Amino acid sequence: MRTTRLLAGALISVLALSGCGGGGDGSGAKGGAAPSAPAAVDRAEPLAARDIAAPHLPTTVDSADGRKVEVASAERIVPLSGSLSEIVFSLGLGGHVVARDVTATFEQAAKLPVVTRAHDVSAESVLSLKPTLVLAESTTGPAEAIGQIRAAGIPLVVVSPAKTLADVGLRITAVAGSLGVPGAGQKLTARTEERISAVRKGVPAPPDGKKPRVAFLYLRGSAAVYLLGGADSGAPSLLAAAGAADAGEASGLRKDFTPLTSEALVKAAPDAILVMRKGLTSVGGIDGLLKIPGVAQTPAGLDRRIVSIDDGVLLNYGPRTDEVLKSLVDQLYKGTK
């Protein structure tokens with residue numbers, strides 16, 4: 001099993017795939033199966049104009065790595081993850097963003113220069129853009145690059161990673177505080193949480209009274225990497241909000257991911273399988289997924305019940321989490337209401 005650092009890199013590599021499109025997904029859905037939902041337009045949604053505020057700076061904020069960081073300007077922002085980028089754009093400050101990392105795939109960020117190589121930050125690329133603020137995740141690396149940016153005197157604020165729905169407001173608040181727009185952060189948090197709540201109210205009760213068991217699979221067909229998510233993958237909270245149980249966690253997997261085996265799948269016994277859309281494409285769609293040892297023999301495989309959601313938002317736990325949750329619910333319960 002790879003370390004968490006390398007696994008994070010593998011996940012980001014899949015998120016960065018851009019040429020996996022093409023023909024159909026090979027679903028050939030039948031019976032009660034939920035076919036893959038069509039991809040929605042990948043755009044961040046800024047706050048209404050009345051709720052967008054100009055940054056009130058300077059300010060000193062607590063960074064998740066234990067430092068206190070003074071931010072004097074938000075004129076040139078470099079967010080080093082797609083999730084952080086989306087929060088900045090949703091706060092209405094996208095015009096101040098001067099670069100992106102490979103996971104910022106939404107439309108408004110598409111033309112920005114990329115400052116990462118694979119999953120590693122290029123300190124030289126960041127510094128060449130003369131940022132006044134860099135936002136990073138606690139998993140952002142390599143450490144040498146982060147140290148180089150700090151040594152150049154650039155304010156760098158680290159934000160804790162998101163693993164549950166409870167992290168959504170915390171991350172928005174942290175980013176908004178760093179940008180000097182706490183009021184806009186409150187507005188965005190309220191909007192996001194209200195939308196999530198509305199989706200949760202519409203989750204149907206399972207017909208048989210049992211929560212569907214859903215296995216979250218990480219797929220990278222080009223490298224023959226297939227992993228099963230466990231308690232720390234980030235998926236359990238989302239699945240719980242959808243009225244489901246994470247099959248990996250329920251079968252006793254405590255870590256984030258474990259290599260996918262027939263034995264692990266039999267023990268997990270998923271009623272449905274959750275995957276990232278480009279990961280599914282990388283294995284040849286649903287038909288290709290069913291060829292992976294053990295998948296076809298699960299209840300999910302027998303029913304061809306596969307749920308796929310866009311890579312760029314599935315586990316972001318950000319401003320579009322309500323859309324992710326709605327897509328999950330719609331696909332998971334299709335044909336069972």
**OP:** Report the net charge of residues surrounding VAL98, where surrounding means a beta-carbon distance below 13 angstrom and charges are Lys +1, Arg +1, Asp -1, Glu -1.
**Re:** +2
**OP:** Consider a paramagnetic label point 7 Å from the Cα of ALA151 along Cα→Cβ; state which residues of the range 54-77 have an amide N under 19 Å from it.
**Re:** none
Subject >> Nitroxide proxy distance, nm - points 7 Å out along Cα→Cβ at ALA240 and THR258 >> reply: 2.0 nm
Original post:
How much area per residue is accessible in the range 269-310 when the probe is 1.4 Å and only protein heavy atoms are counted (Å²)?
Top reply: 32 Å²
Subject >> Cα gyration tensor shape for the range 135-227, rounded if a/c is under 1.5, else prolate or oblate >> reply: oblate
Original post:
Near VAL126, within a Cβ-to-Cβ distance under 14 Å, what is the net charge of the other residues, with Lys and Arg +1 and Asp and Glu -1?
Top reply: +1
**OP:** Any chance you could give the angle, 0 to 90 degrees and rounded to 10, that helix 182-201 forms with the longest Cα principal axis of the chain?
**Re:** 10 degrees
Subject >> Relative contact order (percent, whole number), the chain, Cα cutoff 8 Å, 6+ residue spacing >> reply: 22 percent
Original post:
Rounded to a whole number, what % of the accessible area of the chain do carbon and sulfur atoms account for, probe 1.4 Å?
Top reply: 54 percent
Original post:
Using the C-alpha atoms of the range 184-337, what convex hull volume per residue, in cubic angstrom, is computed?
Top reply: 106 Å³
**OP:** Let me have the relative contact order for the range 174-291, percent, based on Cα pairs under 8 Å that are six or more residues apart.
**Re:** 26 percent
Original post:
Can you give the helix-only mean residue ellipticity at 222 nm for the chain, where every DSSP H stretch with n ≥ 4 adds -39500 (n - 2.57) and the sum goes over all residues, rounded to the nearest 500 deg cm²/dmol?
Top reply: -9500 deg cm²/dmol
**OP:** Report the relative contact order of the range 167-229, percent, no decimals, based on alpha-carbon pairs under 8 angstrom and at least 6 residues apart.
**Re:** 18 percent
**OP:** Among DSSP beta bridges whose residues both lie in the chain, state the antiparallel percentage, nearest 5.
**Re:** 40 percent
Subject >> In sequence order, calculated HN-Hα J values of the range 161-170 (Karplus, 6.51, -1.76, 1.60; Hz; x Gly/Pro) >> reply: x, 9, 10, 9, 4, 5, 7, 4, x, 5
Subject >> Length added when fully stretched, ALA205-ALA224, from 0.36 nm per residue minus Cα-Cα >> reply: 3.2 nm
Original post:
In cubic angstrom, how much convex hull volume per residue do the alpha carbon atoms of the range 226-308 span?
Top reply: 79 Å³
**OP:** Report, please, the projected area of the chain averaged over directions, based on the convex hull of its C-alpha atoms, in nm².
**Re:** 16.2 nm²
**OP:** With all protein chains present, calculate the accessible area of LYS278 using a 1.4 Å probe and round the result to the nearest 10 Å².
**Re:** 60 Å²
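The values are calculated or read from the model by the stated rules, or taken from the named source; none is laboratory data. Note that the structure is a prediction, hence the values are computed from the model and not measured. Ideal geometry is used to build each Cβ from the backbone, glycine not excepted, and the neighbour counts take in all protein chains shown. Only protein heavy atoms, including side chains, enter the accessible area calculation; ligands, DNA and RNA are left aside. Shrake-Rupley method; radii C 1.70, N 1.55, O 1.52, S 1.80 Å.
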